[in-house]
Amino acid sequence: GLPAALPALPLELTVLYNALLLTVGVSDSAIKEEAEGIRQGLLRVLEACGACGQDLGTEELWEKVLQEVTVEELQAPLHHLGALQAAWWLAASQLGSVAGLFQHLSTAEDTGRAHCSEGQNKLLSLIKAWQVPPERPSLPLVQSVKDLKEILCTAAALLQGLQELEAGNFPTALFLLQEAAGGFCSKNMLAQIYTCLACCSQRMGKPQTALQHLKRALQVDFQCFPALSHVAAVYHELGETDVELQALTLLYEALGKNPPAAASSSSYFLMRTELLVQPPLLTSLLRHCHPSEVKYLLAQRSLQGGRVADAVEHYLDFLSLLQEGLQQQVPLDGSSALPRIPEVFLETASALEQAGRHQDAITVCEEVISRTSDLIPRVLRVEERLEQLESSLPGAELAGELLSQKKESLRCLAWRAAGYLHQGWAWAKLGESKEAVTQFSRCLSDLLRVQLHGSGVRQTENLQPEVEVLQKIRLLSLIGRGMQFLELERNKEALLDFQHSLQISPGDPAAASYLVQALWKLNRKQEAATQWQKFFQSSPGEDGQQQGQGRPLPLYLVSCLEQAEFPDSEPLARSIQDYLRAAAQDTS
């Protein structure tokens, strides 16, 4: 409550500087709120000089103080407070305000130096050109302003680098992140910067350079788990499954041990780079995976790489984690790599089938079927184009909610139908063709709940992804049931299923091959030969183009697609060719 006095202001501003830094150091958390203490200090300075600035914003207040206050004893304390103000603005990503402040803090000579050097980035140039006033021994500071200047340079480079990375300006991002890596920061912060450099290099199409940056990150801080996670991602991109699995295994073991955090080399500093740079992109790039997520990735990558035994072990370990309450381990903000739980069960069933554990696969699928049965309406009307649904309702918000509900119902239907599909294939592998036919029929009966409305089912590029999956399940189930009908010598029923399959997916090589085989078994050899010529002597590019359309299959359907393939077309092709030659000779 004492009036401001010029002789006491240097001490008062120094105390304010130290108090604000100590507050930051004690909280040890990212700076979020405006430093009201700085504003009050500036108003005290104006009051002592006989001026006022209550109605001014913070930027205008700084400009007024630095232009009108010329007392020599106040220059150094004001510069100290200016560095703190820059830290607060950097934390709020107000880069323009920081640049304007340093233009006012710098002398004409400093400004000229800024234009002559580091011309690639104005803000870094201004901060580097700023001359820190000498500190007075009688007014000690809890953190040197020279150190604070270095931290501001590092934070400014890192923040701008992340902004350029997010905008897709990778060369500029690379330059700024390299500037940050050469700056003043703790070891764990440096490891994080190297990880960001790796992400930038990876997006530039330089995976080997990305691996070099990640290696440096782990050398600097061996507990930088996000770097190890990115190592696995780079090797996945390179297709080196063995090394990727090794990296994921190391990450899972490291997370399981949960070692204490290494002591930061900057623990002596109250203001640190990591307190100033916390944008969403950095949080996303450096997100710590949970052990359950890594365990799932191990299972998924093993299954994709054909390591069936390892995949089964990892999937079963993951399912056991469900008993421990997965929601307590994984964030629910959508950032997790985990798919929906029914999909994990279906992937587990797929792995069990490929490992020859068909009865276990049937049991796992039964769990999916029982859990989703009550979530599916009896009839599902699906418009081909989403905009038709949205325009038919008065409120866009209501339309979005209804659309979301419909998509969820379609997903539940796909999961349950896929459960029946897997059970059908499992019973077929066990030699139980009649039970297999039953399960395939249940799958097809489930899919009859969907009523499609639009210009045509065949235009899959215009259908919703959920409907495309349902159509693929229907195709695989028809082929599977037709195969079992052939095993049971019910060739006419098999022929009908293969004909329906080709209506869903014209030109599908598996369905076409089985159709020809069914006709051949029914002694309709001329028709079989005609269909064979139609499907397999046409332009090879047409079928390949047909098969390449649409989105990638869910992982849990890949094994079903492989089982639906025609085993060996050579014997059938030779028989048809012999028939055609004999027919030609008879004609001649």
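The values are calculated or read from the model by the stated rules, or taken from the named source; none is laboratory data. Here the structure is a predicted model, which means the values were calculated and not measured. Ideal geometry is used to build each Cβ from the backbone, glycine not excepted, and the neighbour counts take in all protein chains shown. Quick note on the areas: whole protein, heavy atoms, side chains included, nothing else; ligands and nucleic acids left out. Shrake-Rupley method; radii C 1.70, N 1.55, O 1.52, S 1.80 Å.
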Open item on the list: If I ignore ligands, DNA and RNA and count only protein heavy atoms, how much of CYS153 is accessible to a 1.4 Å probe, in Å² to the nearest 10?
Closed with: 20
Task: Degrees, to the nearest 10: 433-447 long Cα axis against longest axis of the chain - done: 50
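How large, in percent, is the carbon and sulfur part of the accessible surface of the chain at a probe radius of 1.4 Å?
50
Working out 0.36 nm times the residue gap between GLU59 and GLN40, then minus their Cα-Cα distance, what length gain in nm do you get to one decimal?
5.5 nm
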- [ ] Pop the C-beta distance of ALA8 and GLN94 into the FRET formula with R0 = 22 Å and round what comes out to the nearest 0.05.
- [x] 0.10
Task: Solvent exposure, largest accessible area first (probe 1.4 Å, DNA, RNA and ligands not counted), of LYS434, LYS215, LYS295 - done: LYS434, LYS215, LYS295
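Say R0 is 56 Å: what FRET efficiency, to the nearest 0.05, do ALA337 and ASP586 get from their beta-carbon distance?
About 0.30, to the nearest 0.05.
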Open item on the list: Could you tell me the calculated FRET efficiency between ALA167 and THR363, based on Cβ-Cβ distance and R0 = 30 angstrom, to the nearest 0.05?
Closed with: 0.05
- [ ] Express the accessible area of the chain per residue in Å², computed with a 1.4 Å probe while the remaining protein chains stay in the model.
- [x] 48
- [ ] Run a plain Debye calculation on the chain (Cα atoms as equal point scatterers, no solvent) and give log10 I(q)/I(0) at q = 0.08 Å⁻¹, rounded to two decimals, same order as the q list.
- [x] -0.75
Open item on the list: Under 5 Å between amide hydrogens, which residues at least 5 positions from VAL450 or on another chain qualify, with H placed 1.01 Å from N in the peptide plane?
Closed with: LEU380
- [ ] Please go through the residue pairs LYS429/LYS472; LYS407/LYS492; LYS187/LYS257; LYS406/LYS472; LYS128/LYS187; LYS64/LYS128 and name each one whose alpha carbons sit more than 30 Å apart in this structure.
- [x] LYS407/LYS492
